[in-house]
Structure formats: structure tokens, C-alpha cells
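Scroll down for the structure; my scribbles are underneath it.
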Amino acid sequence: MSEISLEELQKKFQNKIDKDVKIEPRDWMPDDYRKTLIRQISQHAHSEVVGMLPEGNWITRAPNLRRKAVLLAKVQDEAGHGLYLYSACETLGADREQTIDDLHSGKAKYSSIFNYPAISWADMGAIGWLVDGAAIMNQVPLCRCSYGPYARAMVRVCKEESFHQRQGFEIIMVLAKGTPAQKEMAQDALNRFWWPSLMMFGPNDAESKHTKQSMDWKIKRHTNDELRQMFVDVTVPQAESIGLTVPDKDLKWNEKENRYDYGKIDWEEFWQVVKGNGPCNEDRIRVRKKAKDDGLWVREAAMAFSQKRNNKAKVA
Ligand code: BYC
């Protein structure tokens, strides 16, 4: 069989991208395409797993059994999302242990949003409504990502995120229509989570070093600013419908452009949080490391059991 040249491989790959044919794990792909996917998917997986912490902290303090059961199910879903994504990452040749070690050593990033504390029950509403809302806006287009395993994982993730967003909005809506103290709690949660939610979409397009290449490869289907704008446009009317005020004095409807104009994001705060200097960065990593250490005996027991079973099979 004749060797296929690098040029031909590249042409075949580009043809698939152009025709919207998914790239699958065994297909040839450029090294940088693989690296970009490993970077994005592993960061995404880490975000799901670290994202369990602010909400996990409220499971025992949820105000009633129904709220507790729903929150528990949501946090479990996030763990599931982490697992699909770590698996998608492995299909690209990444080693799962190494990927997780990179999170623990501070080498790998995860979403800035999870470095803010969840200090009231209303924060559970704000996280579901705004954080999962922003996640859906970003992830629905990823269902059309050029890499098959990532795109397919996103289909299920988005279905679950959509339930999460609704449960969050329902919490915040009930509080906003409750006593004055409850409404104040809901407004306070919106005040604290609004700007960090806008930051989730990443730096402005002019500062986004990966967007152009990722769009050319059809990994990303929209730019960071496009998605942020879509999020603002759907979320502001939701806040208004329940009598809450978005904490942005520059926010106003732009009739001509058919969209909201919004104020300046504090990018200095964003980069500080990304660099590890947010309010909860240290705590989040400490808790994840402890979870790994505490689970060591489970992994060792599973390995010992599997070894025993293999030995038995050899003897039989
Ligand atoms: N936080 O060139 P850019 C969820 C980094 S939802 C931290 O624009 P890209 C969940 C970026 O990684 C959250 N870092 O990058 C929801 C890059 O650094 P490196 C997770 C950020 O990749 C509810 C640098 O800044 N969602 O999990 O083109 C409950 C330059 O940025 C952030 C995803 O991960 C940030 N906010 O675009 C529980 C979705 N933004 O890598 C869980 C998939 C940017 O060069 N990811 N950076 O060191 C994406 O869509 C894209 O990776 C991003 C960034 C839009 C996030």
C-alpha cells in the first residue's frame, strides 16, 4: 500500500472540516488541532468537576426535601459531565491521571466563575439561572463542533444544563416574589453573579488568542463576544420579568442594533481570577486534591479486586 503524504492527509482533513463531516478519534488530524481540543475539553471537564463545589456546599442546607433532592441531582449531573468530557479527552490520547494532576498543580485552567463563593441560598438560584444559562449559550453551538466525541457529549450535557437553568430560575423567581428580605437576597445574588457570568465567555474577541483558529477548525462556532451578547439579550428580560435589576448602569436597549448595550467588564478582575487570585481559587484546588487523596483506598481496592479476578481467570 502506498504511503499517504502529509499534504494529502491535510487536504483530506480540511475537506472534512469544509463539508461538516465529523473528525473521529482514529482519523488523522493536525497536531495543533489535537492540542487545542485537549486544552479546551480538559478545561471544560475541570470546570464541571470544580463547578460541583459551590453548589455541593448547599446540599445539606437546602430549605426543604424537594430542593435538596433537585440540587443533589444537579450536582451529580455535573460529575457525569466531567466524566464524559474526561473520556472525550482520552480519545485524543490524553492521559486522565496527567490531566487531573495538571488541574491540581495549577497548570490547567478551569472556568473563572467557580472561584466566587456561594454565600446564600439565592446563590443556588443565581448559579442555575446565570451560570448554567451562560454555559448553555456557549455549549449548544459546541454540539456542532467538528470533533465527533466532543460534539456528541455536548448533546446530552446541554439537555441537562437546560434543566439546571430552569431549576435555578425557579429558585430565584420564588425568592423574587417572596418577602422583602427574600427579594433582597435574590437581588444580592444577581448583583454578585452578573459580571462574573459575563466573564465566563472569555476575553473580548480582540484579546482572544484562540478564537480565530478554533473557528476555522469549526471547534468554536461563535466568538466570545457574540455569545456574551446573546446571553445578555436573553437574560435581561428574564430579570425584568421577575422584578430584579441587572447591576449595570450602562445597560440599555439599542433599537438600531436590536440588542442591549452593556457596560465595561472589569478585565483586570477576570485575569486576576484566571491567574489564581480569585476569592476561592486556593480553596477549590485544596478540596479537589483532598478528594483525590481520600479516594485513594477506593482506587486501590478496585485495582486489587481486578487483579484478583485476572489471576483467577488465568488459573481456570
Ligand atoms: N475562565 O483565546 P480564548 C460549566 C482562558 S461551564 C478561565 O478566548 P478559547 C458548568 C482560555 O482558556 C464553564 N479561563 O480561549 C456550568 C485561554 O487560556 P489558555 C466551562 C478562561 O479557548 C454550570 C485564555 O483565557 N465551559 O462547566 O478560544 C455548572 C484566552 O482565551 C476563561 C467551557 O469550558 C474563563 N472564563 O475560549 C457546572 C466551555 N475564558 O488555554 C459547570 C468550553 C477564557 O490559552 N470552552 N479563558 O491557557 C470554550 O468554549 C472556550 O474554551 C472558552 C474560551 C470560550 C471558555
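The values are calculated or read from the model by the stated rules, or taken from the named source; none is laboratory data. Treat the numbers as computed from the prediction; the structure is a model and nothing was measured. Methodologically, a virtual Cβ is constructed for each residue, glycine included, from the backbone with ideal geometry; neighbour enumeration extends over all protein chains shown. Keep in mind that these areas ignore ligands, DNA and RNA; they rest on the heavy atoms of the full protein, side chains included. Shrake-Rupley method; radii C 1.70, N 1.55, O 1.52, S 1.80 Å.
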Counted residues in region 6-26 being over 20 Å from C145 (Cβ atoms) and surrounded by 13 or more Cβ atoms within 10 Å (Cβ to Cβ) come to 1
Anything in region 141-170 that is β-branched (V, I, T) and within 11 Å of the ligand (Cβ to nearest atom)? List them, or say none.
V157
Boolean, K74 is touching a residue at least 40 places away in the same chain (Cβ under 8 Å), open to solvent by 40 Å² or more (accessible area, probe 1.4 Å) and within 15 Å of the chain's Cα centre (by Cα)
no
Within region 88-108, identify whether any single residue is of a type outside the set (D, E, K, R) and within 11 Å of the ligand (Cβ to nearest atom), and answer yes or no.
yes
Here are some residues: A126, A118, A134. Which one is touching a residue at least 12 places away in the same chain (Cβ under 8 Å) and near the ligand (Cβ under 9 Å from one of its atoms)?
A134
Answer with yes or no whether K177 is touching a residue at least 60 places away in the same chain (Cβ under 8 Å), surrounded by 16 or more Cβ atoms within 10 Å (Cβ to Cβ) and of a type in the set (K, R).
no
When M215 is run through (1) over 22 Å from E78 (Cβ atoms); (2) in contact with a helix residue (DSSP H, G or I) (Cβ under 7 Å, 6 or more places away or on another chain); (3) not acidic (D, E), the failure sits at (2)
Residue selected from region 264-316 under the condition of a type in the set (G, A, S) and over 30 Å from S197 (Cα atoms), by the criterion nearest to the ligand (Cβ to nearest atom)
G295
Inside region 43-65, can you point out the residues that are open to solvent by 40 Å² or more (accessible area, probe 1.4 Å) and either in contact (Cβ under 8 Å) with a residue 60 or more places away in the chain or in a helix (DSSP H, G or I) (or both)?
Q43, M52, N57, T60, R61, L65
Looking at this structure, is P117 open to solvent by 10 Å² or more (accessible area, probe 1.4 Å), under 20 Å from E269 (Cα atoms) and more than 11 Å from the chain's Cα centre (by Cα)?
yes
